[in-house]
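Data first, discussion second: the structure below is written as structure tokens.
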Amino acid sequence: MRPDRPSVLCLLPTVPVATNTGGALRALSVLRALDRAFSLTVVARGRENQKDNVLAALLQGRVHVVGHPDPITALLNEASGVASGLPAGYRRYGWFSPTLQRLLETNRFDVVHFDHAHAALTWRQVKRLQPHARLVLDAHNVEAKVVERFAGSAPHWQRKALRWQAARIRELERELSRVLDLVLTCSEEDAAAFRAMGARCVRVVPNAVPPLSPARVAQRRHVVFVGSLDWRPNADAAVALAKGIWPRCRRLLPGARLLIVGRKPPLHVRALASDDVIIEGDVPSVRPYLDRAFATAIPLRAGSGTRIKILEAWAAGVPVVASRIAAEGLPHSDGVDLILAEGPDDFARSLVRLWRDRRFADELARQGARTAEPFTAERVGKAVECGYGELLANRASTSLT
């Protein structure tokens with residue numbers, strides 16, 4: 001640890017090295033910003049293999065990777081979590097490992113940073129061992145809103161369970177809003193939601209994408225959808241794209257293929273594969289797929305935060321066709337830097353237009369690249385430093401009064 005700087009402990013539910021997911025990209029960009037400005041210690045769940053060494057190589061601070069519990073322990077933890085009122089699937093992240101306890105007992109941290117609400121389940125234990133520390137949540141989404149929206153479009157037999165889950169997540173997010181000292185969000189829309197839930201201090205830290213060199217749209221032939229397919233809204237969008245949108249336009253796009261790219265595709269998404277529908281799982285980089293696409297179609301029906309998949313497409317010079325929910329939280333202008341579409345016919349017409357009018361497609365791509373320009377790592381760093389600076393300054397002034 002660097003004694004000349006404030007010390008920050010960051011707790012993450014996973015090791016954010018495989019940056020082919022939006023959550024990992026955001027987590028890693030925030031970690032790097034914290035690492036530049038503060039004395040950083042990271043504790044993350046993961047497999048005890050090379051990943052911790054890879055993350056440690058990216059940061060100056062200390063990195064501790066804690067292994068997952070065995071399956072029986074995980075099942076018992078999940079059952080106890082649901083019985084205690086937690087959302088389903090959350091308890092496995094509410095870990096309090098010996099490594100974490102030792103760090104909290106033997107170090108003094110100025111700030112404890114929780115990546116996702118999942119990691120913040122330990123806030124009571126953290127506060128007991130570090131009563132002076134400020135607690136920060138990086139809320140990648142308003143998770144309750146994501147599940148509520150998905151319930152609205154899910155099959156009837158799933159809606160009751162999804163609304164039950166949304167209510168429990170809402171209760172957790174409301175609790176965290178009221179007890180934590182600072183909440184970081186991706187967008188002003190999410191910031192307003194956390195303020196409405198009682199958050200005392202909220203700051204917007206935008207997502208970032210690395211600079212890319214876009215190619216001309218005229219050199220591309222395919223439609224791409226990029227997103228972690230183990231996240232239910234993305235899987236739902238992939239199905240809508242392959243079953244509802246693609247059949248309406250495939251005959252008008254000779255030689256084109258639909259490329260669905262994302263980690264851990266479930267069986268029902270893998271079953272969408274055909275001669276002109278390609279399902280890719282984990283890939284080292286999505287860039288080769290973006291480089292082959294004349295458009296990306298994003299028919300999301302649930303979501304929150306901001307879509308890194310749109311920022312990536314803009315930065316790569318790929319024209320974007322997106323639902324309003326997909327574009328939510330990002331600055332955009334319909335027909336200028338993207339096309340807004342709702343419903344299969346609307347999406348299909350927009351894709352055919354981009355295929356036939358490559359001059360319009362190139363202009364849409366150029367404007368999208370301009371819109372993406374401010375979403376840089378430098379901007380993330382400034383936003384993080386500003387939010388943390390205010391938080392620590394307020395603590396110092398409070399201690400003097």
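Some values worked out for this structure:
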| item | result |
| --- | --- |
| Neighbours by Cβ (under 8 Å, 6+ apart or cross-chain): first from segment 159-179, among the acidic types (D, E); second in a helix (DSSP H, G or I) | E173/A117; E173/E143; E173/A144; E173/F194 |
| Leading residue by the ranking (most open to solvent (accessible area, probe 1.4 Å)) among those in segment 325-341 that are modelled with pLDDT of 95 or more and of a type in the set (A, V, I, L, M, F, W, C) | V336 |
| Qualifying positions in segment 66-97 - without any contact (Cβ under 8 Å) to a residue 60 or more places away in the chain, aromatic (F, W, Y) and open to solvent by 40 Å² or more (accessible area, probe 1.4 Å) | F96 |
| Residue match in segment 369-380 (condition: assigned to a loop (DSSP other than H, G, I, E, B), of a type outside the set (A, V, I, L, M, F, W, C) and open to solvent by 60 Å² or more (accessible area, probe 1.4 Å)) | yes |
| Qualifying residues in segment 124-148 (those that are surrounded by fewer than 20 Cβ atoms within 10 Å (Cβ to Cβ) and assigned to a helix (DSSP H, G or I)) - the one modelled with the lowest pLDDT | E148 |
| Tally, over segment 148-184, of residues that are of a type in the set (G, A, S), farther than 22 Å from N234 by Cα and over 20 Å from the mean Cα position of the chain (by Cα) | 0 |
| Residue under evaluation D345, criteria (1) farther than 27 Å from R251 by Cβ; (2) at pLDDT 95 or above; (3) in contact with a Lys or Arg (Cβ under 7 Å, 6 or more places away or on another chain), criterion not met | (1) |
| Checking P211 against (1) under 20 Å from L290 (Cβ atoms); (2) touching a strand residue (DSSP E or B) at 6+ places or on another chain (Cβ under 6 Å); (3) touching a residue at least 60 places away in the same chain (Cβ under 8 Å); (4) surrounded by fewer than 20 Cβ atoms within 10 Å (Cβ to Cβ), the condition it does not meet | (2) |
| Whichever residue in segment 47-63 is open to solvent by 30 Å² or more (accessible area, probe 1.4 Å) and under 22 Å from the mean Cα position of the chain (by Cα) and, among such residues, is modelled with the lowest pLDDT | K51 |
| Some residue of segment 342-360 being open to solvent by less than 10 Å² (accessible area, probe 1.4 Å), touching a Pro at 6+ places or on another chain (Cβ under 9 Å), assigned to a helix (DSSP H, G or I) and closer than 28 Å to C201 by Cα | no |
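Listed here are the residues, each with its yes/no results for (1) modelled with pLDDT under 95; (2) more than 15 Å from F225 (Cα to Cα); (3) of a type in the set (G, A, S).
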site	(1), (2), (3)
A256	no, no, yes
E280	yes, no, no
P284	yes, yes, no
A297	no, no, yes
A302	yes, yes, yes
T306	yes, yes, no
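The values are calculated or read from the model by the stated rules, or taken from the named source; none is laboratory data. Note that the coordinates shown come from a computational prediction; the quantities given were computed from them, not determined experimentally. For neighbour counting, all protein chains shown are included, and Cβ atoms are generated from backbone atoms with ideal geometry for every residue, glycine included. Side chains included, ligands, DNA and RNA excluded: accessible areas come from the protein's heavy atoms. Shrake-Rupley method; radii C 1.70, N 1.55, O 1.52, S 1.80 Å.
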